[in-house]
Amino acid sequence: QSTLHELASAQGRFFGSATDNSELPDAAYAALLGTEFGQITPANSMKWDATEPQQGVFTFGQGDAITDFAQAHGQSVRGHTLVWHSQLPGWVAALPPAQVEAAMKNHITEVAGHYRGTVDAWDVVNEPFNEDGTFRTSPFHTATGSDYIATALRAAHAADPDAELYLNDYNIDGLGAKSDAMYRLASELIADGVPLDGIGIQGHLAVQYGFPGGMQQNLQRFADLGLDVAFTELDVRIPLPADAAELATQTSYYQRVVEACLAVERCVGITVWDYTDKYSWVPAAFPGQGAATLYDENLRPKPVYDAVREALGHD
Ligand code: G3I
């Protein structure tokens, strides 16, 4: 039978998964990662703390292992992420604000430059907003206000003119204050001629919080700005133990995300934030929740996997 990526490709989309270096020695895991998915995103190894742990000291070994894997399996790579308030080494926050912009530009130049030709799309700035749509505090925002976002995009474009440049955030899946803020920001950046190709919608959903309202409309408004959109970190967590009703809700959420993406021409693809419960980030971050992915802890596809195949148009 066709893989998820083959089904998505038939619809002009990619279907990808996050992965992490510590998971690749798991041969059964790697075999599925390499065949079922057409795109991979390193969950940690291209972040600032991994790539520039000390100022000016760059370490690309872990990230390179991910791009090597992708190359060996004919997959595209989403670079994640150049500028983020989290997983930021202490030295960045300790810099005098007047030195932060230069450090950020240098980081982007070195990392995006290193991966030029192997990374297809970058989450240039990750999670710039608070839930109410105000800009999140970070060393970058403290240094230059929201101008850091345009500066980062320009630096990324200079370092890798061929990469698709994205802004990425969570809880912007549907219409709301936070996605409104992303929409305003994207509109302003485009008006100012800043290089921006797409909006990454993380898609960390939870059955107990309901399905985001106006998802298709939200995707479409970004598309109407001339941007691509992508689901970059999809998963749907459940309070454990998951009962039948919750599993049915989860299945419908996955299907509705696929349907929303297929309904919007510029929705270019979907990446799950790892494909198996064996390696999902959810139980560690939300104790008592889990079962958020398409495959169980033994790497067996769950019923929700078949539901996603069906939503993608089956075989
Ligand atoms: O590398 C250290 C290791 O040396 C140490 O022994 C171990 C002990 O806890 O921790 C390891 O670091 C962990 C790292 O993942 C690598 O496994 C961190 O503690 C852990 O916090 C970190 O979690 C990552 C998380 O981002 C951090 O914010 C998750 O794996 C990763 O999936 C998650 O991804 C984020 C996206 O980047 C942005 N969107 C939300 C998404 C989920 O939180």
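Six or more apart or on different chains, Cβ under 6 Å: which pairs go from a residue in the range 78-89 that's closer than 14 Å to ASP120 by Cβ to one that's away from the ligand (no atom under 12 Å from the Cβ)? Could you list them?
ARG78/ALA121; GLY79/TYR115; GLY79/VAL119; GLY79/TRP122
Output yes when any residue across the range 68-76 is within 15 Å of the ligand (Cβ to nearest atom), exposed (fewer than 15 other Cβ atoms within 10 Å of the Cβ), more than 26 Å from VAL229 (Cβ to Cβ) and not aromatic (Phe, Trp, Tyr), and no when none is.
For the range 68-76, residues within 15 Å of the ligand (Cβ to nearest atom), exposed (fewer than 15 other Cβ atoms within 10 Å of the Cβ), more than 26 Å from VAL229 (Cβ to Cβ) and not aromatic (Phe, Trp, Tyr): absent.
Looking at this structure, is ARG309 surrounded by fewer than 23 Cβ atoms within 10 Å (Cβ to Cβ), more than 16 Å from the ligand (Cβ to nearest atom) and closer than 30 Å to MET182 by Cα?
It is false that ARG309 is surrounded by fewer than 23 Cβ atoms within 10 Å (Cβ to Cβ), more than 16 Å from the ligand (Cβ to nearest atom) and closer than 30 Å to MET182 by Cα.
Go through the range 38-64 and give me each residue that's farther than 22 Å from THR276 by Cβ, more than 15 Å from the ligand (Cβ to nearest atom) and under 20 Å from the mean Cα position of the chain (by Cα).
Answer for the range 38-64, where residues must be farther than 22 Å from THR276 by Cβ, more than 15 Å from the ligand (Cβ to nearest atom) and under 20 Å from the mean Cα position of the chain (by Cα): PHE60, ASP64.
Are any of the residues in the range 106-119 closer than 20 Å to TRP273 by Cβ, of a type outside the set (Lys, Arg), at pLDDT 95 or above and within 16 Å of the ligand (Cβ to nearest atom)? Break it down stepwise before answering.
Filtering the range 106-119 for residues closer than 20 Å to TRP273 by Cβ gives 119.
From the residues that got through so far, the ones that are of a type outside the set (Lys, Arg) too are 119.
With the extra rule that they be at pLDDT 95 or above, the set shrinks to 119.
Narrowing further to those that are within 16 Å of the ligand (Cβ to nearest atom): 119.
Looking through the range 106-119, at least one residue is closer than 20 Å to TRP273 by Cβ, of a type outside the set (Lys, Arg), at pLDDT 95 or above and within 16 Å of the ligand (Cβ to nearest atom).
Looking for whichever is in contact (Cβ under 8 Å) with a residue 24 or more places away in the chain, in a helix (DSSP H, G or I) and more than 20 Å from the chain's Cα centre (by Cα) here; the options are THR142, THR137, THR67. Which one fits?
THR142
Report whether or not VAL124 is more than 30 Å from PHE211 (Cβ to Cβ) and either among the β-branched types (Val, Ile, Thr) or in contact with a His (Cβ under 6 Å, 6 or more places away or on another chain) (or both).
no
Which residues, taken from the range 1-37, are farther than 15 Å from VAL258 by Cβ, at pLDDT 95 or above and either in a loop (DSSP other than H, G, I, E, B) or within 16 Å of the ligand (Cβ to nearest atom) (or both)?
Selection gives ALA18, THR19, ASP20, ASN21, SER22, GLU23, LEU24, PRO25, ASP26, TYR29, LEU33.
Looking only at strands (runs of 3 or more DSSP E) that lie completely in the range 194-243, which have at least 1 residues being over 20 Å from ALA152 (Cα atoms) and under 14 Å from the mean Cα position of the chain (by Cα)? Explain how you work it out, then say what you get.
On the way: elements: 198-201, 204-206, 228-239.
The strands (runs of 3 or more DSSP E) meeting that bar are 204-206, 228-239.
In this structure, does ALA103 turn out to be away from the ligand (no atom under 16 Å from the Cβ), hydrophobic (A, V, I, L, M, F, W, C), more than 15 Å from VAL83 (Cβ to Cβ) and without any contact (Cβ under 8 Å) to a residue 60 or more places away in the chain?
So ALA103 fails the test.
The values are calculated or read from the model by the stated rules, or taken from the named source; none is laboratory data. As the structure is a prediction and not an experimental result, all values here were calculated from the model. Positions of Cβ are generated from backbone atoms using ideal geometry, with glycine treated the same way; all protein chains shown enter the neighbour counts.
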